[in-house]
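A short worksheet on the structure shown next.
The values are calculated or read from the model by the stated rules, or taken from the named source; none is laboratory data. Because the structure is a prediction, the values reported are computed rather than measured. In this analysis, Cβ positions are derived from the backbone assuming ideal geometry, glycine residues included, and neighbour counts consider all displayed protein chains. These accessible areas exclude ligands, DNA and RNA; they are computed on the full protein's heavy atoms, side chains included. Shrake-Rupley method; radii C 1.70, N 1.55, O 1.52, S 1.80 Å.
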Amino acid sequence: MSEKTTTTGTLDIGAVLSAARMKRELSIATAAMQSNLSQEIIEKLEQNRFGEIGAPVFTRGYLSLYARFLGLNEAAVGQAFNKIGREPPPELRLSAANVESQSRSYRRSYLGSWLLLIPVVLVGGFLLYQLFDNNSWLMKQINGAFNQPTQQEGEVLTPPGGNNSEDIVLEVGGNPQVPPTTPEGVPVNPEVINGITPPANTATTAGSSETPPATDNSATQAPTTSEGSRGIQLTFSTESWVQIQDSKRKSVVSRIIKPGEKVELPADGAPYSFNIGRPDGVVMLINGQEQPLDNYRQKNSGRRFNVDIPNG
């Protein structure tokens, strides 16, 4: 086999195959018919277009078959093809301009990610601060939404500050009651109203040297003295919303109680159901004896209580 080499010093496989075919005076069509190879494969082999044939293992097989058909040395052709496959690929070279452009683009993208992340971190930190601070605006809104009492039929919710010390309105069973007055228009002592005792106006009592005229309250106080000391008395040291229902599920009290006020409940309405917004500021007396309000707390509830009055 005559040695024909390329400019790189390797064997020109295509030229060797083409020369051997022409020496035998065979056309490509005839060679394809006799070697069981397609004309397209033979043309690519003789033109050194090995990359268009397929994987190297298939190309090596076609070369061996065609070289054997032409009477050439299969091993020499295979070794020449292996040298072509082992040639190092061309080195990838990047210019300084390309490197600079890639670095500059990366820095711009990195900065944009930080700019998008900063608002997310700020919003997340603000929400965490609001959630862990019980006095924050967000926690006040959440507590107000869950602790807001619901208004039942026949009940009137009195807003804070709606009543002053001179005009006391008590909701009993959905019907407002006001302190009775004498024919002269002077209010009767509020302590005789069944169900509530307003706070004493210490400033007025201390600053006044005159004693108001005594009134006959025996007729009004008669219902309370018949029961003796039996009943429930609630004394409030803090402002709290209160809802009380008797044994017939009838609303007795449903309003906001101010500090210093007292609520008295007769024994014939027991057992009572309490719903107190701030139970920690309430002192309860049953039949004149102080009882812990926590002993009557409903299960799994922080502000609902069931209170009964023992007989005797």
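Some notes on this structure:
- For region 43-57, the set of residues classified as among the polar types (S, T, N, Q) and more than 13 Å from Ser18 (Cβ to Cβ) is empty.
- Test: residue in region 83-106 that is surrounded by 10 or more Cβ atoms within 10 Å (Cβ to Cβ), modelled with pLDDT under 85, touching a helix residue (DSSP H, G or I) at 6+ places or on another chain (Cβ under 8 Å) and assigned to a helix (DSSP H, G or I): yes
- Given (1) of a type in the set (Lys, Arg); (2) at pLDDT below 90; (3) more than 30 Å from Ala145 (Cβ to Cβ), number of the condition Lys262 does not satisfy: (2)
- Subset of region 20-34 (residues that are touching a residue at least 12 places away in the same chain (Cβ under 8 Å), out of contact with any Lys or Arg (no Cβ under 6 Å at 6 or more places or on another chain) and open to solvent by less than 100 Å² (accessible area, probe 1.4 Å)): Ala20, Arg21, Ile28
- Evaluated against (1) open to solvent by 60 Å² or more (accessible area, probe 1.4 Å); (2) part of a loop (DSSP other than H, G, I, E, B); (3) not charged (D, E, K, R), Val283 falls short on exactly one condition, (2).
- Region 284-304 residues that are farther than 17 Å from Ser240 by Cα, paired with ones that are open to solvent by 50 Å² or more (accessible area, probe 1.4 Å) and part of a strand (DSSP E or B) (beta carbon under 7 Å, 6 or more apart): Glu290/Val283; Tyr296/Asn306; Gln298/Arg304; Gln298/Asn306
- Residues satisfying the stated conditions in region 256-274, i.e. in a helix (DSSP H, G or I), open to solvent by 40 Å² or more (accessible area, probe 1.4 Å) and free of Cβ contacts under 8 Å to residues at least 40 places away in the same chain: none
- Residue match in region 219-235 (condition: modelled with pLDDT under 55, in a loop (DSSP other than H, G, I, E, B) and surrounded by 15 or more Cβ atoms within 10 Å (Cβ to Cβ)): yes
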